[in-house]
1. Tell me, please, whether a residue that is surrounded by 13 or more Cβ atoms within 10 Å (Cβ to Cβ), touching a helix residue (DSSP H, G or I) at 6+ places or on another chain (Cβ under 8 Å), within 20 Å of Gly279 (Cβ to Cβ) and of a type outside the set (A, V, I, L, M, F, W, C) can be found in segment 397-408.
2. On the given criteria, is Val189 over 24 Å from Arg322 (Cβ atoms), surrounded by fewer than 20 Cβ atoms within 10 Å (Cβ to Cβ) and of a type in the set (A, V, I, L, M, F, W, C)?
3. For segment 96-124, what are the residues that are without any contact (Cβ under 8 Å) to a residue 24 or more places away in the chain and open to solvent by 40 Å² or more (accessible area, probe 1.4 Å)?
4. Condition first: part of a helix (DSSP H, G or I) and either among the polar types (S, T, N, Q) or surrounded by fewer than 17 Cβ atoms within 10 Å (Cβ to Cβ) (or both). Now tell me which residues in segment 153-177 satisfy that.
5. Output the number of residues of segment 244-270 satisfying the condition of being aliphatic (A, V, I, L, M), closer than 15 Å to Asp227 by Cβ and free of Cβ contacts under 8 Å to residues at least 40 places away in the same chain.
6. Any idea which of Ala287, Ala273 is among the small types (Gly, Ala, Ser), without any contact (Cβ under 8 Å) to a residue 40 or more places away in the chain, open to solvent by less than 10 Å² (accessible area, probe 1.4 Å) and in a helix (DSSP H, G or I)?
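The values are calculated or read from the model by the stated rules, or taken from the named source; none is laboratory data. Fair warning: this is a prediction, and the values are worked out from it, not measured in the lab. Reconstructed Cβ throughout: ideal geometry from the backbone, glycine too, with neighbour counts over all protein chains shown. Note: accessible area is taken over every heavy atom of the protein model, side chains too, but ligands, DNA and RNA are not part of it. Shrake-Rupley method; radii C 1.70, N 1.55, O 1.52, S 1.80 Å.
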Amino acid sequence: MEAKVLRACWKWRNYPPGHEGGGARADAEVLLNAAGRQLLAGMCGVEEDVLARALPSWEEGDTKLRAEDGDPVGLWRIGGAVVGPVAFGCRLCTARRTGTALRAVRYTPRWERVCVRHRRWLLDADADQPLEHLDLRDLPEVVAAQRRWPSVARRAVRAGAEPERVFALGYAVVARWWEQALHWEREAVWPRRLHQVAGGNAGTELERWRIVGRDPVVFPEVVTVADALLDPVMAELAWRDSGAGQPRPLPADGAFCRRLGERVGRGWLGPLAATDYGGPLTSWMGAVIRIRRGAGGPPGYGNDPWWLRQEHQPASMAAQLRVLSKERSAPGSGTTWRSAVPAEQRARITSLVNDAEEQLTQLRGAQYGKTADAAQQLLGNLGHAATLIEQAVRETAAAALGAGMVLEDLARWARLPADVLAEALPDHHRNRQPGKER
């Protein structure tokens with residue numbers, strides 16, 4: 001039976017969801033009322049309780065369907081909003097079980113994306129791109145990481161943590177490293193893997209492949225970091241780095257980050273990870289340290305080391321591809337910040353802002369103790385934060401100026417006189433002709 005004829009058996013309350021570009025979404029889901037489910041079960045010749053076990057969305061209710069009686073009614077939804085992350089299934093596995101290599105989609109968490117039998121990484125089904133999987137036959141370490149994850153998950157349960165939250169934190173830590181790795185001169189593992197999943201060479205499509213290939217490329221490190229964060233020995237190293245009973249700022253050469261770098265096969269990574277203030281890793285360290293000290297957490301959340309801030313959650317492949325598409329389709333250059341400002345310059349701005357945030361975060365609870373000690377910490381941290389913010393303002397203004405913005409507009413937004421801002425920008429185009437800036 002053709003799909004159009006089959007769908008005509010139900011009354012539909014809306015249209016199938018599509019991508020912004022107009023294509024159909026592979027992760028489209030259908031919710032059916034009671035009569036609609038009975039009709040489908042009869043067509044399939046399968047009992048409803050069997051379908052309920054096989055289809056996670058089978059019994060998902062919807063207010064638009066509850067009032068429907070008698071007629072079979074269906075409602076289209078995006079799969080990720082109904083149950084959870086949706087990925088493509090392995091066509092070879094589908095053919096092995098059904099005899100036909102059809103496209104299949106599954107509700108699959110990110111830690112179960114490797115088809116171990118056929119060595120494939122199963123991609124998100126919500127993105128507007130044509131690939132369903134990436135070939136892992138030349139990347140045995142990714143397949144090995146998939147086999148290793150269940151033991152890490154069991155370790156999380158024994159430690160009283162939810163495996164999905166442990167994975168999410170490890171994923172956030174490593175995805176943040178991935179964004180910074182473009183400027184790591186000693187990084188050699190990830191570029192090799194990326195070219196492998198791209199079919200041998202990412203070529204001129206490097207930016208797109210960095211989006212599509214990120215998850216399989218970093219998966220071994222994600223599992224390793226998740227495992228490390230569950231290790232009491234690592235928590236003890238973080239405690240010692242903090243000064244234990246004599247609190248001190250976390251050092252750039254701390255034993256925790258040095259050991260973490262060694263565990264992911266990058267002995268040089270320690271100082272880079274330790275000075276990435278304001279990220280998910282330092283948030284985890286802060287929570288572990290506060291628990292040991294018996295101190296309260298920042299306002300709004302407790303000392304939960306596995307709590308992940310929304311701003312630390314990695315952008316999905318679908319979201320990144322939408323941004324990339326808009327940047328490439330925008331007329332002219334400099335129409336968007338990401339397309340007009342080099343990645344290295346954006347990274348410097350982010351680093352300065354995060355460092356300033358960390359200086360201010362350290363002031364929580366600083367207004368206690370002796371007057372001299374409190375004043376010293378407050379003024380020291382505030383002064384350092386002010387210097388970092390000033391540098392961030394200069395760096396941002398320079399980036400915007402290079403992207404074609406008018407100096408007077410930048411000065412107004414920064415609340416500075418134009419001549420003061422110009423003097424602070426040594427690379428300002430002093431010989432520009434009037435009217436050339438836009």
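1. Checked against the condition, which is being surrounded by 13 or more Cβ atoms within 10 Å (Cβ to Cβ), touching a helix residue (DSSP H, G or I) at 6+ places or on another chain (Cβ under 8 Å), within 20 Å of Gly279 (Cβ to Cβ) and of a type outside the set (A, V, I, L, M, F, W, C), segment 397-408 yields no hits at all.
2. Spelling it out, Val189 is indeed over 24 Å from Arg322 (Cβ atoms), surrounded by fewer than 20 Cβ atoms within 10 Å (Cβ to Cβ) and of a type in the set (A, V, I, L, M, F, W, C).
3. Arg96, Arg97, Thr98, Gly99, Thr100, Ala101, Leu102, Arg106
4. Matches in segment 153-177: Arg154, Arg155, Val157, Arg158, Glu164, Arg165.
5. Total meeting the criteria: 1.
6. It is Ala287.
Residues are listed down the side, and each one gets a yes or a no for (1) in a helix (DSSP H, G or I); (2) at pLDDT below 85; (3) closer than 30 Å to Gln246 by Cα:
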{"site": "Ser339", "(1), (2), (3)": "yes, yes, no"}
{"site": "Ser351", "(1), (2), (3)": "yes, no, yes"}
{"site": "Gly369", "(1), (2), (3)": "no, yes, yes"}
{"site": "Asp373", "(1), (2), (3)": "yes, yes, yes"}
{"site": "Ala392", "(1), (2), (3)": "yes, no, no"}
{"site": "Glu423", "(1), (2), (3)": "yes, no, no"}
{"site": "Arg430", "(1), (2), (3)": "no, yes, no"}
